[in-house]
Structures are given as C-alpha cells and as structure tokens.
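The values are calculated or read from the model by the stated rules, or taken from the named source; none is laboratory data. Computed from a prediction, not measured in an experiment: that's the story for all the values here. Using ideal geometry, Cβ is built from the backbone for each residue, glycine included, and neighbour counts are taken over all protein chains shown. Each accessible area value is taken on the protein alone, full model and side chains, heavy atoms only, with ligands, DNA and RNA left out. Shrake-Rupley method; radii C 1.70, N 1.55, O 1.52, S 1.80 Å.
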Amino acid sequence: MATGQQWVLVEMVQAFYEAPAYHLILEGILILWIVRLLFSKTYKLQERSDLTEKEKEELIEEWQPEPLVPPISKDHPALNNDVVSGPPTHNIVVNGKECINFASFNFLGLLDNEKVKNVALASLKKYGVGTCGPRGFYGTFDVHLELEDRIAKFMRTEEAIIYSYGFATIASAIPAYSKRGDLVFVDEAACFAIQKGLQASRSSIKYFKHNDMDDLERLLKEQELEDQKNPRKARVTRRFLLVEGLYMNSGCICPLPELVKLKYKYKVRIFLEESLSFGVLGAHGRGVTEHFGVNINDIDLISANMENSLASIGGFCCGRSFVIDHQRLSGQGYCFSASLPPMLASAAIEALNIMEDDPDIFAILRQKCQQIHCALQGITGLKVVGESFSPAIHLQLAKSRGSRENDVKLLQEIVDYCMNRGIALTQARYLDKEEKILPPPSVRVVVTVELTEEELDRAAALIQEASACFLH
C-alpha cells in the first residue's frame, strides 16, 4: 500500500516537471486568487457618525422628489382636444359646431355606409361586443378566418393575418423577423409605428434620405464592402428594406420599381407598409404594387391598417404562407392582444365587398385629390407637400417663423380660422421627443369621396383667405 502511494507521488512530481510553463503560471495565479478570496473581507463598513434626530428632520424637509413625469404646459395640444359629437363622417360636429370634414381618414366614405352598419349590427347581435381573448386562446372566430381569406384573395397573396390594432400591426411584424444583429435600411420619413417596431427589434438601423435611391444604394454598397471583409458574419446577417407605399408624414409615394431592382441586386428583403395607399392607389385599390404594376410576389411582406379605407379597426399583413405563419407564433400584437371584435371583422368584410363591387370609387377619389391639390398651389406663405393623388396632403410654411413653437402656433391659427367658418382641418401631430427625425409642422388636408367639387373649392379658398390674414 505504501509502495503504491509512493508511486502516485512520483507520477505527480514527474507530471509537474513535464507540464508547460504557461500551465504552471496559470495554476499558480488561480491558487493565489483563491487564497485571496478566502482570507480577504467581502466588504468594508463605511465609517460615519449617526445623525441626530434634528439633522434627520432637516434633511427630510429639504428633500424634494423628482417629478414622475416632466412638467407639461396647460396649453399643450394633447390637453386641449377638440371634441367630436356623432360619427366623423362627411359632416362632423366639432365642439358643438357643424363642419365639413377634411380631417379624418375615411377615404372611401364607408364609416357611415348603411350596408356596413347593418352587417356590423347583425354581427354584434350574433357574437356580442368583444372577444376577451387572444387568437390562440379562444379568441379566433369564424369571421376572423373569413376576413383573412378575403384579404389574401383581394391582395392576390397566399395568406393574410389580421391584428386588432392598426399601430401594432407593423410594430409587431418587424421584430417578428428582424432580430439583434440583423440590418434594416429604412427611409428617414418612416412613420412612428415603423420606428417603434425597429426599436423593438434591436436590429442595426441605417436611415437613407427620403425617397433618395442614390443615398440608399450608397448605404447598400458600403454594407456590401463590409460583408466582404467578414463573410462569416455576412452569411448569418439578414437584411431588410423598409418603406411606406404613401408616406404618412409627407404624402409622397415610394419609387417601388427602383426599390425592387435594388432588392435583387443587393439581396435584401422588402417590407412595404401600405396603410395610406391600401384602398387608394391602383385601379382596384390594391395599393402601390398595383399602381406601378409590380408583381406582388416581389414584395416579401405587405402590411396596412384597416382604419382608413375599410373604416374599421385593426390591421393586416399579407404575403407567402410561410412568412405569414411565422407571425402567428412571433407577432406580439397577435399573440398577446385580444382579437378583433367580430362586428368590426364583419364590417371590414363588407367594406371589401363594396370595394370589389364598385372599383370606380378609386378613380373618383383620385380625381378629387387632384382637384384640391391643384387648387392649393400658389397660396402665399404655404407650400403643398405630397403627391397629387394622395388623399392626405400636407401644407407647410414656406418660411419658418424662427422656432418650431412659433410655426405650430401660426398653423393652428389657420386651422382655427377655417374651423370657425365650417371647414374642419387638423395639424399633423408628432411626439417631438420620440421621433427619430421630426417632420416639419404642417396642416393636414384629408380628401374623401364624399366631398363635392364645391366643398373642395371652398376649403381651398378658405385656406388661402386664412393664409392672407396670418402669413402676410
């Protein structure tokens, strides 16, 4: 037994001499570190003298807690809302005064449509008011599946998915695909819902100048050079290109054919947000793809809300089945929010029926957009921003009055002037401290099919009159 122990000791000594020097040094450092941890104090008590009761009371009296929220002026627009009585249709009652509505996004005039209301009422009696559960927990009704099927067929895609809140649609879709380490190229004029989706994705974001394809290609070329330096990382990095069909903040259309060319040239995926262009552009209202004659299969994902042209609530995404099915497991707004109330799904289905039965409605809307766009040209002190066929037109000051606050007040005077004379307009509102790139202040003029030629001309004349009063 003693001989065996001696032999083991000899082997240990022999191994010690044969071990590499760096190995012995590392083990020595580790042993010393362990010894230090065992014999050192884990913490030291701070030496201080206890305060007297009087000193404690004085400190308590002097202490002032930080405000839970920053101070807000009572004149802030968010605290002084205009109050609407009744449906926000063609004629709207604001603060007790009847006006012609140039403010809400009821583009096709379906909000007060009798067919839509009757279908919604019948659905209300059949299903009740809400769903009280997400789609995965007894929140899927047959009308949800029917609406998804109808949207997919209308848009000529394989599949569609609906959300119960329009803002959450694109804000949920982006982080469902783009993750930390992925790369997103996005137009700097992207709406706030897109910005929140990008924030949730934690991806690397590269902004290009608004509708500037040269600037976009510059960024894509720079990334291509970076990928060549690190091909291993490039193979696992997904790249996305995110644009709007018609931009909410500018009313400008994206150059989709050029974007598709860049997609295939630089191997990126295109996400297209069409909340403003769905039900507006194209011969049948299918949006910017139909407007340009672009194959919808060239777009990886299309999203839009149902709160504008369809006059309902919620939103949808459509595309290939394998792309859409992924959102059923990863779209936060889909998985964790109560599903769309059945009556609103039924209303959206009926709105789609009207759009399919009366495609001339889109040509009528475009003609009225062009009429007021032309009538607003040349107004002193104001410039028209947006396409002639956009139903949402922005009027910006031709020259700033020195600060954003002054510009906002001046534009509000124009809005109030028109409101007092029976034309309801609104300023475009933004979260100033949250926007990535804050758009200039503007008055937003919204066109619907219900407006007559006389009303369009009257609104343009009144805006010109207000401009002459305040922008001299």
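Points worth noting:
- Ala193 meets all of the listed conditions (1) within 24 Å of Leu365 (Cβ to Cβ); (2) surrounded by fewer than 21 Cβ atoms within 10 Å (Cβ to Cβ); (3) of a type in the set (A, V, I, L, M, F, W, C) but one, namely (2).
- Single condition Phe154 does not satisfy, out of (1) over 20 Å from Cys335 (Cα atoms); (2) of a type in the set (A, V, I, L, M, F, W, C); (3) touching a Ser or Thr at 6+ places or on another chain (Cβ under 9 Å): (3)
- With respect to the conditions (1) among the polar types (S, T, N, Q); (2) open to solvent by 70 Å² or more (accessible area, probe 1.4 Å); (3) within 30 Å of Leu111 (Cβ to Cβ), Gln64 lacks only one, and its number is (3).
- In the stretch 199-213, the residue that is least open to solvent (accessible area, probe 1.4 Å) out of those that are in a helix (DSSP H, G or I) and modelled with pLDDT under 95 is Ser201.
- Taking the numbered list (1) open to solvent by less than 100 Å² (accessible area, probe 1.4 Å); (2) at pLDDT below 85; (3) of a type outside the set (D, E, K, R); (4) not in a loop (DSSP other than H, G, I, E, B) in turn, Leu30 passes all entries but (2).
- Test for Thr89: is it open to solvent by 10 Å² or more (accessible area, probe 1.4 Å), assigned to a loop (DSSP other than H, G, I, E, B) and more than 16 Å from Ala311 (Cβ to Cβ): no
- Test: Leu37 is open to solvent by less than 100 Å² (accessible area, probe 1.4 Å), out of contact with any Leu (no Cβ under 8 Å at 6 or more places or on another chain) and at pLDDT 80 or above: yes
- Unique match (being of a type outside the set (Asp, Glu) and either open to solvent by 20 Å² or more (accessible area, probe 1.4 Å) or more than 19 Å from Ile313 (Cβ to Cβ) (or both)) among Ile174, Ile161: Ile174
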